[in-house]
Structures are given as C-alpha cells and as structure tokens.
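Trainee: First, the structure itself, so that you have it in front of you.
The values are calculated or read from the model by the stated rules, or taken from the named source; none is laboratory data. Note that this is a predicted model, so its numbers are computed, not measured. FYI the Cβ positions are ideal-geometry reconstructions off the backbone, even for glycines, and counts take in every protein chain you see.
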Amino acid sequence: MNIKSELKKSWIIMIKEFKQIFRKKALMIPLFAFPLIMIIFFGYGMGGTVKNVDILVVNDDTGTASSSLVQEIGSFIPKYGDVKMFSITYTKDMGQSEAERKIDAGLYKAVLIIPQDYSERVAKNESVTLTLLTDSSDTTSSGIIINFMKQLFAGTAGSLVSLKIPDIYGKLEYLDFLTPAVIALTVFFGTVQSTGYAIAGERQDGTIVRIMMTPVSRGAVILGKTLHQLILQLARAVILILGATVILGVTMNGSWLLVALVLIIFTFGAVGLGIAMSAISEDMTSFQQLSLLFTLPSMFATGVFYPLSSVPDWMRWIAYTMPLTFANNAMRTIMVKGQGLAFIANDLIILIFFAIFYFGLGVYLFRREV
Amino acid sequence: MEPIIEVRNLTKIFLSRRAKVTAVDDISFDVNRGEIFGMIGPNGAGKSTTFAMMSTLIKPTSGSIKVSGFDVEKEGDRIRPIIGIVPQQYSLYSDLTARENLELMGNLYDVPKKVMKERIEYYLKLVNLEAQADRFTGRFSGGMKQRLSVVSAVIHDPAIIFWDEPTTGLDPQTRQAIWKLARKFNTEGKTLIFTTHYMEEADKLCDRVAIMNVGKLVALDTPQNLKRASNSASLEDVFIHLTGEEIRD
C-alpha cells in the first residue's frame, strides 16, 4: 500500500472519529468545560490568591524607608482579589530562630526581618539584605508571598536591596501557575481516556474486527485516531487558554505556536499510552481502572497543583518518570515566563523520547491485538 | 469442482493458563468455488477458530490455508479485499447512521464513490432498510442490525463471504429473509461459508456440510449423503451420531 492510500485511510478513520464524538452531545460539555471548571474550583478554591495572610514584620529600623515599605506591603490588594493580601503585625528585637518558632506555631505565614540599618543603607545607596521566612507547609501562600516580596523589591528600591529566603518556590500568582499545567493535564487525561475508550469500545462492539478485515493497515487506523486527537486536543487547548485569559484574567505571555508544539508532541505520547493500555485490557472496565492507575498519580505527583519543589524527594523521582511533569514545566515556561524554544528544549527532548516510546509501544501492542 | 479455499493439515494450539489447548487438530479440506459451505459442531469443536484462520483474523500454529491461491499467513493483504466477513456480533457503529456505516466500509474498501452510492441504495432496498437509512443504528432492532451487518460485509462485492452464525437469535421472518439473501448472493456467484448451530439451516441451505468435533473434522459431504450414510432421517441425528450426546461447554 502506498503512502497516499495510507493517508486517505487515516483521513477516513479520522472523519469517522469526529462524527462519532460530535454526536455524543453529553460528552461535549465535560470535554470543554472540565478544564475550566478545574481551574475555577482549584484556582479559587485552593486560593487563586491569598488574602489577609498574617505576616509578622520584625522592624528594628526607625527610618522612613522601612516604614513606607511596611505600609506598602500592608496596603497591597492583589490582581485577582478585592481584599488586602496581608494582615500585618509589628514587632522588634526578635531573632530568626524565635521568628521561626512563631511560624512553627502557625501564628504567621511569613516573617519579614528588616535590619536595623535598612533606611540608612538605602539612603546611601548601599546594598542591604532582608530576611523572609515563610511557612513552607503552605506552598501556595508562601509561593505567593515570596513572589510578592521579590516583585516589591525589584520595583521599589532597585537591585541594592536583596532578599534572603530559606526556600524558594512559586512564581507569579497561583492561577498563572495552575493554568498551564491544567491544560497539559487535560490534554493528557482527555487523550489517554478517549483513545483508550474508543479502542476498547470498538473491541467490545466488535467493530474493530470489521475495520481490520478491510484493506486498511493498522498504522493507518492508529494515524487516523491520532490525527483526530491532535485536532481535538489543540482545539480544546485554544478554547481553554482563551477562556482562562478572558474570563479569569490569566496571563498568556508566550507563543501560541510553542504551546501547540508542546501539546502535539505530548498528545502523540498520550495516544500511544491510551492504545497500549486498551490493548492489554480485556474490556472497557479494565481499561478504565488501568488508565486511572496511570493518570491519577500523574495528576498529583507532577506538580499540577503545587510546585514540585514542595514534594518529598521520592515523589519527585516518581514525577520525573512521568511525561506530564515535563509538559507542565514546558507549558509554564512558555505561558508564564514567556520564554522561547531555548528554555523548553530540555523538556521537549524528554517529551519527544516519551512520545516515541509510548507511541511505539502502542503501535506494537495494537499489532498483536486482533 | 475448482477449490477456492484449500486447508491443509491445519492445527491451532492456544496457550491457556500455561496449558496447551489444541483447538483445531490437523484438519484438511477444500471449499469449492460457488458453493454454500456449512460448518457445524458442538461448542468448542474448533469451527470458530478454523473460521477465524480462514478469514486471516488469527494465524495457524501449523499447516496452511490458501484462499483464492493466496497464503493466509503471508498474503493476508491480498485476501482481505476479496472476502467479506459477517461477524457474530453485529459490529456496527451505533453513533453512525445506516448509510454512514456502509459508506465507511465502502471507503475503507476503496469502492469508487459513484459505484458505492448505487450499491448502498441497492442494498438498503434489498434488505428493506431504505426508510431507516439515515437513522443511527444504535436504535435498530436485532433483525435490522443483522441485515445491515450483512450488507456492510458485501459492499465491496467480495468473492467469498464468511458468515458466523447468521440467524442466531433472530425471529423466523428475519431468518427467512437472511436465507433468501444468502441464496441470492450464491446465485450471483459468491462462495458462502458459514457456521451454525441450527441443523435445519445447514440442511436447507448448504451444498456441503463439514462436521467438526473436538478439533477434528469428522465428516464432510452433502446433507443428503450424510443422512444416507448414517441412515438418519435428519441432519440432527447425523450430528448426534457423530459427535455424541454429551453436552459441551
């Protein structure tokens, strides 16, 4: 069979898949609403931003620079909220270890320690270092606090003021952090599930036998199903990013083309994984259980909802075996940091390896199936 | 008589829970061009396995099958376009219409657009589904599904039709219609091979009947000759005589 005829067959299969999916009216809603609902519930539910966070400011300085700084922190109202972000308590003459104990006790989410000579040094244009302690058990809040403080110092007093932070995670606001990963997660879940269901379902209904009896190669069947997924998932991603930016005001700093590139490579791997899992399961129910075994850990271990830096080492190692980890990272680098190809090259290479491995595995297992 | 299918020393061994199960045990026979060939046997006799091997769905462990001169193991790509298979399950896309199901099969079989359009109209009329052409098949009755399933298998005008239990679970009217359809295909020159549990069906319809039992071919002849040889009034008696009264699972 020549390539033209192979592609024609793939096209026929793809069109069939689209006809089938668009007729499942009830499926349309979750298909497009699921990721948005996730962002809204997790984003706002888990604290899209933080409000009235208790912060202790240890200010041993009596100058004007420090008091205006403290005032600025106290009056800040975040982008996605309408309430002040911090509720400040003042004290002085407190050492770092004592301040840590306050955080241990859950009294404050963060402690900012301003040195005695802060105002003096700022006035003289000398470098000065502040210490920021955060409650690392609450990664969401601490990430947001750290990020806020960094931006504050970058903006107000120039590069001379530096911040000493015991541990660092979190970039921008939580919704910005969450959205790129939810898109990757949605593409991953959606692809694995719908590919697997389509194949397990066709096997259960016996239609796969009929298709395989026609002069169509297994490659053309797989390619047709893959093309269908690529188009569907890219459409979902575009709608989702537009929805998140328009409705939720999430930032999209990077290139749409790069987002598409990452998602295309990622979808290939996910299609392969879906095919492989459906090939080794006897029916729809076993596929469902098997796919949950793969997708659920991905959801929680790969840093969709919280930064990977906050998980224990063993979990981080598990995360590095999952393609979603690298897709999340690449999506964040593009969408949040607005970086280009050079910054996602490593993630992309790893994703390509995953894609080749899973797609190859899927094709191999599907071959032996009928 | 010219053979269209040649089965030689065919054996299929499955591995089931690490035990070897011989489903088909060294059988040889020919199916002649243009005949209606029936395969009967108790459950587990190996007829479905033989059927699946002849239609390229599974590979033999040893022995050979030639379909229209092509080897099933090496030349499956040459065989598939000239055979049509009516699976036991109706195997239709429930979220596509009757017409779309036929179009899908026609497209995959590379049937030219114009020819396909005519054939679809012809077959829908033939099986009395014209009025239901644009309805989703998910809502069809068993009989309607079976009729559509049959025409889905012949949309590319195959020389050989493999038909697995054509009338199981169907009402008498649909059964009669299916038999009529089978005879019609046969008079058009197509070779029909089917499996069945109904002796009456085999008796009425088949030119020759192969009786299988525990993987072996125990008899192969015309229904009349089979009855005569065992001095039985019905094919059912021949069947029980050859395969025993024990119930198989």
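Trainee: So the check is Cβ under 9 Å with 6+ separation or different chains; which pairs have a first residue in the range A:216-228 that's assigned by TED's automatic domain parsing to the domain that holds residue A:276 and a second one that's of a type in the set (Asp, Glu) and surrounded by 19 or more Cβ atoms within 10 Å (Cβ to Cβ)?
Mentor: Pairs that qualify, where the first residue is assigned by TED's automatic domain parsing to the domain that holds residue A:276 and the partner is of a type in the set (Asp, Glu) and surrounded by 19 or more Cβ atoms within 10 Å (Cβ to Cβ), are A:224/A:17; A:225/A:17; A:227/A:17; A:228/A:17.
Trainee: So, one more: Would a scan of the range B:22-35 turn up a residue that is within 14 Å of chain A (Cβ to nearest Cβ) and farther than 20 Å from residue B:164 by Cβ?
Mentor: No.
Trainee: Which residues, taken from the range A:192-222, are at the interface with chain B (Cβ under 9 Å from one of its Cβ atoms), hydroxyl-bearing (Ser, Thr, Tyr) and in a helix (DSSP H, G or I)?
Mentor: Residue satisfying the conditions is A:207 alone.
Trainee: A further question on this structure: Going through the range B:206-241 one residue at a time, which ones are part of a loop (DSSP other than H, G, I, E, B) and either touching a strand residue (DSSP E or B) at 6+ places or on another chain (Cβ under 9 Å) or without any contact (Cβ under 8 Å) to a residue 12 or more places away in the chain (or both)?
Mentor: Residues of the range B:206-241 that are part of a loop (DSSP other than H, G, I, E, B), as a first pass: B:206-207, B:214-215, B:222, B:230-234.
Residues satisfying the conditions are B:206, B:207, B:214, B:215, B:222, B:230, B:231, B:232, B:233.
Trainee: Further question: Picking from B:113, B:59, which residue would you name as being under 21 Å from residue A:10 (Cα atoms) and within 13 Å of chain A (Cβ to nearest Cβ)?
Mentor: B:113
Trainee: Is there a residue in the range B:196-211 that is on the phi > 0 side of the Ramachandran plot, at pLDDT 85 or above and surrounded by fewer than 18 Cβ atoms within 10 Å (Cβ to Cβ)?
Mentor: No, the range B:196-211 has no match at all.
Trainee: Name the one entry in A:267, A:285, A:245, A:251 that is of a type in the set (S, T, N, Q), within 23 Å of residue A:16 (Cβ to Cβ) and away from every other protein chain (no Cβ under 14 Å). Show your work before the answer.
Mentor: Details: A:285 fails: within 23 Å of residue A:16 (Cβ to Cβ); A:245 fails: within 23 Å of residue A:16 (Cβ to Cβ); A:251 fails: within 23 Å of residue A:16 (Cβ to Cβ).
None of the other options fit; the residue is A:267.
Trainee: Let me ask you something else. Given the conditions (1) away from every other protein chain (no Cβ under 14 Å); (2) of a type outside the set (A, V, I, L, M); (3) over 30 Å from residue B:5 (Cα atoms), report the number of the one that residue B:137 does not fulfil.
Mentor: (1)
Trainee: Which residues, taken from the range B:67-92, are facing chain A (nearest Cβ under 10 Å) and in a loop (DSSP other than H, G, I, E, B)?
Mentor: Within the range B:67-92, B:87, B:88, B:89, B:90, B:91, B:92 meet the criteria.
Trainee: Just one of the numbered conditions (1) under 24 Å from residue B:179 (Cα atoms); (2) under 20 Å from the mean Cα position of the chain (by Cα); (3) within 13 Å of chain A (Cβ to nearest Cβ) is not true of residue B:126; which one?
Mentor: Every condition holds for residue B:126 apart from (3).
Trainee: Shifting gears a bit: If I filter the range B:1-16 for residues that are of a type in the set (Val, Ile, Thr), crowded, with 17+ Cβ neighbours inside 10 Å and at positive phi, do I get at least one hit?
Mentor: no
Trainee: Among (1) of a type in the set (A, V, I, L, M, F, W, C); (2) more than 16 Å from the chain's Cα centre (by Cα); (3) assigned to a loop (DSSP other than H, G, I, E, B), there is one condition residue A:252 misses while meeting the rest; what is its number?
Mentor: Result: residue A:252 passes all but (2).
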